[in-house]
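Visitor: My structure is below; once you've seen it, I'll send some questions.
Each reported figure results from applying straightforward, stated rules to the coordinates on display, with no laboratory input. Since we're looking at a predicted model, the values are computed, not measured. When we count neighbours, we look across all protein chains shown, and the Cβ atoms used for this are built from the backbone with ideal geometry, even at glycine.
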Amino acid sequence: MHETPPRADITTMEHDRAQLLAALALQLDWGAEEALAEAPPDRSAPARPAPVPASAPERPANGPRVVATLPPLTAPPAASRAAEAAAAATSLDELREAIRAFDGSPLRDTATNLVFADGAPDSGLMLIGEAPGAEEDRMGKPFVGQSGQLLDRMFASIGLSRGAGGFYITNILPWRPPGNRTPTDAEIALFIPFVMRHIALVRPRHLVLLGGTSAKALLRSKEGITRLRGKWQQVVVEGLGEVPTLATLHPAYLLRTPAAKRDAWADLLMLRRGITM
């Protein structure tokens with residue numbers, strides 16, 4: 001007949017068992033996967049020498065010669081080629097042809113025409129929009145659709161037109177994005193060298209940025225157009241230095257939001273005062 005252990009011994013055994021289970025759970029949490037050996041390792045014993053790898057067989061004197069080959073040279077990234085092509089242009093005609101020949105963007109393959117610029121490059125006032133639309137792509141000129149017609153009326157109200165003494169106009173992208181979608185950040189970054197070279201060749205005294213895409217790209221800002229508009233800022237252009245720049249609402253936005261024309265009119269008055277000072 002077995003004797004029942006005293007109550008105190010049972011409590012001690014349960015406590016020890018709980019501690020052992022807790023220690024085992026902790027080891028599992030730490031990543032232990034194997035039990036310890038029954039006997040401790042003899043660390044005083046000399047270590048076994050590492051196996052010596054077999055030497056490679058000597059190549060016979062008349063055996064085949066193995067020549068290491070370098071990976072094939074690849075073309076520079078599209079962004080580097082864009083910057084090089086833009087910098088090499090010394091006139092507007094050369095810049096137009098450099099953009100036409102640049103094959104680093106698939107937009108060229110989906111568009112109908114290159115949309116380079118329009119207006120008077122010697123006017124001293126350069127407008128920069130976002131990208132061509134369907135009408136611009138068809139005619140090869142910027143701002144000729146509904147938004148372009150509104151733009152012409154807006155600037156005519158302060159005595160400016162695309163003719164001599166008026167303004168010169170272009171876009172960030174020279175090719176129409178499929179479906180008139182908004183340009184991607186990668187597309188904008190790819191064509192910015194051409195835009196900056198365009199500004200440097202035109203040498204405007206003032207810049208007007210039409211819409212958020214153009215304003216954020218050239219002012220290097222993440223703020224929206226409603227925060228960027230209505231104040232003179234500076235765009236630094238190589239060879240020109242700081243060019244006084246005014247961001248304003250895009251005419252296409254004004255067609256969708258007629259109530260915003262009041263802000264656009266205030267920007268036009270600010271522009272008129274700025275260019276006549």
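Visitor: Tell me, please, whether a residue that is of a type in the set (Val, Ile, Thr) and closer than 26 Å to residue 78 by Cα can be found in the range 221-233.
Guide: Within the range 221-233, the first condition is being of a type in the set (Val, Ile, Thr), and the residues that meet it are 225-226.
Restricting the remaining residues to those that are closer than 26 Å to residue 78 by Cα gives none.
For the range 221-233, residues of a type in the set (Val, Ile, Thr) and closer than 26 Å to residue 78 by Cα: absent.
Visitor: Then there's this: Tell me, please, whether a residue that is more than 16 Å from residue 114 (Cα to Cα) and without any contact (Cβ under 8 Å) to a residue 12 or more places away in the chain can be found in the range 164-171.
Guide: Within the range 164-171, not a single residue is more than 16 Å from residue 114 (Cα to Cα) and without any contact (Cβ under 8 Å) to a residue 12 or more places away in the chain.
Visitor: Just one of the numbered conditions (1) surrounded by 13 or more Cβ atoms within 10 Å (Cβ to Cβ); (2) more than 20 Å from the chain's Cα centre (by Cα); (3) in contact (Cβ under 8 Å) with a residue 12 or more places away in the chain is not true of residue 215; which one?
Guide: Only one criterion in (1) surrounded by 13 or more Cβ atoms within 10 Å (Cβ to Cβ); (2) more than 20 Å from the chain's Cα centre (by Cα); (3) in contact (Cβ under 8 Å) with a residue 12 or more places away in the chain is unmet by residue 215, namely (2).
Visitor: Which of the residues spanning the range 126-143 are surrounded by fewer than 23 Cβ atoms within 10 Å (Cβ to Cβ) and not in a helix (DSSP H, G or I)?
Guide: Answer for the range 126-143, where residues must be surrounded by fewer than 23 Cβ atoms within 10 Å (Cβ to Cβ) and not in a helix (DSSP H, G or I): 133, 140, 141.
This table checks each residue for (1) in contact (Cβ under 8 Å) with a residue 12 or more places away in the chain; (2) outside any strand (DSSP E or B); (3) surrounded by 15 or more Cβ atoms within 10 Å (Cβ to Cβ).
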site: 175; (1), (2), (3): yes, yes, yes
site: 197; (1), (2), (3): yes, yes, yes
site: 233; (1), (2), (3): yes, no, yes
site: 254; (1), (2), (3): yes, yes, yes
site: 261; (1), (2), (3): no, yes, yes
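Visitor: Restricting the range 144-161 to residues that are among the small types (Gly, Ala, Ser) and in a helix (DSSP H, G or I), which is nearest to residue 257 (Cα to Cα)?
Guide: Per the criteria, the residue is 147.
Visitor: To continue, here is another question. Being part of a strand (DSSP E or B) and either surrounded by fewer than 19 Cβ atoms within 10 Å (Cβ to Cβ) or free of Cβ contacts under 8 Å to residues at least 40 places away in the same chain (or both) is the filter here; which residues of the range 199-212 pass it?
Guide: Hit for the range 199-212 is 206, nothing else.
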